[in-house]
Amino acid sequence: SSKLSFSSQAKMSRPVQARRLEGVDKNIWVEFVKLAATYSTVNLGQGFPDFPPPDFLKEAFTRALSGEKHMLHQYTRAFGHPPLVKILAQLFGKLLGRELDPMTNVMVTVGAYQALFCCFQAFVDEGDEVIIIEPFFDCYEPMVKMAGGTPVFIPLRPKAPKDGKLMSSADWQLDPAELASKFSERTKAIVLNSPNNPLGKVFSREELELIADLCVKHDALCISDEVYEWLVYDGKEHVRIASLRGMWDRTVSIGSAGKTFSVTGWKVGWTVGPNRLLQHLRTMHQNSVYHCATAAQEVVAQGFQREFERYGKPDSYFVQLPKEMQQKRDQLVQSLVAVGMKPIIPEGTYFLVADISEFKSDVPDVPNSDEPYDSRFAKWMVKNKVNASALFHRIYHGVFVPSLLAVLIRASSGGNTTSGQRPHPDPVLVWKKPGHCLSPW
């Protein structure tokens with residue numbers, strides 16, 4: 001009995017959770033990845049390709065692992081493998097129109113996700129405000145809160161398209177006066193995501209100049225998430241906000257090898273910016289992950305070297321990939337229209353948002369639940385209608401917009417899927433009108 005008494009006394013009763021974790025424990029990706037696995041569906045909600053990376057990259061990876069360079073299996077430079085930071089400095093120096101020092105203006109991270117985390121931890125203090133443009137990638141809000149900051153939300157507002165055309169992501173715009181009203185003496189930074197996840201909006205030069213002018217006026221930083229910089233369609237131009245007047249000194253630009261070369265599992269990202277900002281990211285990096293996988297960095301460096309030499313040429317992967325993805329986007333738009341949805345045509349990214357208001361009568365209510373319609377629809381679709389999962393998305397923070405669903409354009413092909421399912425001719429579903437009945441693949 002004395003042992004039992006000691007055991008009960010030894011159990012901890014004091015709270016163990018740090019305050020920074022309060023309210024940020026839920027994650028939509030965890031819930032929907034689990035749902036997709038439970039029902040053996042094609043995951044059309046999460047941003048990763050279902051096709052292989054380019055052959056030149058796979059071959060380089062094989063050489064790196066099986067070759068004589070045994071040091072590729074060991075630690076490399078903490079802030080970035082020298083070959084990788086050198087080619088990144090070359091390429092982005094060309095794109096930004098300035099000479100970059102690979103050792104001070106570039107830092108490699110464990111994916112763009114870690115780059116974002118380093119930025120919020122390095123720059124945001126208690127009481128600082130960070131402006132977030134809606135809709136936004138889900139991690140921005142919890143990362144700001146974990147750093148002690150206060151998110152301030154500004155929505156992209158839709159303008160009705162002309163002549164009954166389908167809406168484009170370009171029809172979603174910031175209101176200049178509303179944006180200006182969000183800046184104050186407490187504003188530490190604004191988070192820019194162009195091309196935008198999940199809307200697919202590619203911000204125009206004029207829109208970026210509006211943001212840049214306000215950053216300069218209020219002496220605010222810009223955390224520019226540009227992971228989809230090479231996935232831009234219809235001849236649109238991806239403008240880097242760091243290249244605009246007054247912005248280099250206050251901008252951290254974030255990129256991703258996962259999105260650039262279709263290798264999301266390698267988790268190689270980077271930041272580009274002035275040393276006055278990156279020195280603080282290096283402090284965060286060295287006191288958290290410290291180091292990124294050497295072999296993956298070596299291979300990504302070789303991929304960028306190839307693309308640098310072929311920049312703008314027809315055989316460049318950066319030219320070929322968006323062409324292929326644009327075809328898939330167009331096919332998915334046709335499929336969604338055919339089943340009664342109203343897609344918002346994206347100018348970039350993997351993602352497409354669609355209006356699902358026509359299906360309200362099909363989706364049963366959940367008794368004694370306040371779960372919104374878009375969430376119920378996404379789950380209902382997975383469980384009852386189609387062998388694919390999607391992700392619902394609340395466009396305005398705190399103001400529920402129940403009719404929008406985000407789906408992925410990567411699977412608009414007849415090839416095999418990552419889940420091992422047999423090839424299918426249509427990316428989403430073949431709901432036949434009337435009644436939206438599901439026909440088999």
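The values are calculated or read from the model by the stated rules, or taken from the named source; none is laboratory data. All values derive from a computational prediction rather than experimental measurement. Neighbour counts are summed over all protein chains in view; Cβ atoms, including those assigned to glycine, are modelled from backbone coordinates with ideal geometry. Each accessible area value is taken on the protein alone, full model and side chains, heavy atoms only, with ligands, DNA and RNA left out. Shrake-Rupley method; radii C 1.70, N 1.55, O 1.52, S 1.80 Å.
Entry comment: accessible area of segment 46-161 is 43 Å² per residue, from protein heavy atoms only and a probe of 1.4 Å. Sort out for me the Cα centre separation of segment 196-230 from segment 266-339, rounded to whole Å. Comparing the Cα centres of segment 196-230 and segment 266-339, I get a distance of 18 Å.
A simple charge model with +1 on the Cβ of Lys and Arg, -1 on the Cβ of Asp and Glu and nothing else charged puts the dipole of segment 115-174 at about 420 debye relative to its Cα centre.
Starting from the Cα gyration tensor of segment 138-222, take the square roots of the eigenvalues, sort them a ≥ b ≥ c, and report rounded, prolate or oblate (rounded when a/c is under 1.5, otherwise prolate if a/b is larger than b/c, else oblate). Prolate, because a/c is 1.5 or more and a/b exceeds b/c. Working from label points 7 Å from Cα in the Cα-to-Cβ sense, the R157 to R245 distance is 2.8 nm.
Among the GluC sites (Glu not before Pro) within segment 45-125, which fall in a DSSP loop and have no more than 11 other Cβ atoms within 10 Å of their own Cβ?
Within segment 45-125, the qualifying GluC sites (Glu not before Pro) (loop, at most 11 other Cβ atoms within 10 Å) are E68, E99.
Residues whose amide H lies under 5 Å from that of L221, counting only those 5 or more places away or on a different chain, are A189, I190; hydrogens are built 1.01 Å from N in the peptide plane.
Computed from backbone phi, the HN-Hα couplings of segment 138-154 come to 4, 6, 4, 4, x, 5, 4, 5, 5, 7, x, x, 10, x, 10, 9, 10 Hz, rounded to whole numbers (Karplus: 6.51 cos²θ - 1.76 cosθ + 1.60, θ = phi - 60°; Gly and Pro given as x). The amide H of Y233, built 1.01 Å from its N in the peptide plane, has G348 as neighbours under 5 Å, considering only residues 5 or more places off or on other chains. Highest mean packing first, where packing is the average number of other Cβ atoms within 10 Å per residue, the peptides 213-223, 319-329, 13-23 line up as 213-223, 319-329, 13-23.
Give me Rg over Rh for segment 166-280, both radii from the alpha carbons and Rh done the Kirkwood way, two decimal places.
In segment 166-280, Rg relative to Rh is 0.97.
For segment 274-280, backbone phi angles converted through the Karplus equation (6.51, -1.76, 1.60; θ = phi - 60°) give residue-by-residue couplings of x, 4, 4, 9, 5, 4, 6 Hz, Gly and Pro being listed as x. Taking every pair of alpha-carbon atoms in segment 273-393, give the share separated by more than 26 Å as a whole percent. Across segment 273-393, Cα pairs with separations above 26 Å total 54 percent. Amide H contacts for I345 (H built 1.01 Å from N in the peptide plane; partners 5 or more residues away or on another chain; cut-off under 5 Å): M167, S168, S169.
Using a simple spin-label model with pseudo-atoms 7 Å out from Cα toward Cβ, D315 and E237 lie 2.9 nm apart. Within the shell defined by Cβ-Cβ distances under 14 Å, the residues around A293 carry a net charge of +1, with Lys and Arg each +1 and Asp and Glu each -1.
Counted over all Cα-Cα pairs of segment 57-145, pairs farther apart than 17 Å make up 66 percent.
A simple spin-label model places the labels of E126 and R19 0.6 nm from each other, with each point 7 Å out along Cα-to-Cβ.
Calculated FRET efficiency, K34 to D365, Cβ-Cβ distance, R0 = 25 Å: about 0.60 to the nearest 0.05.
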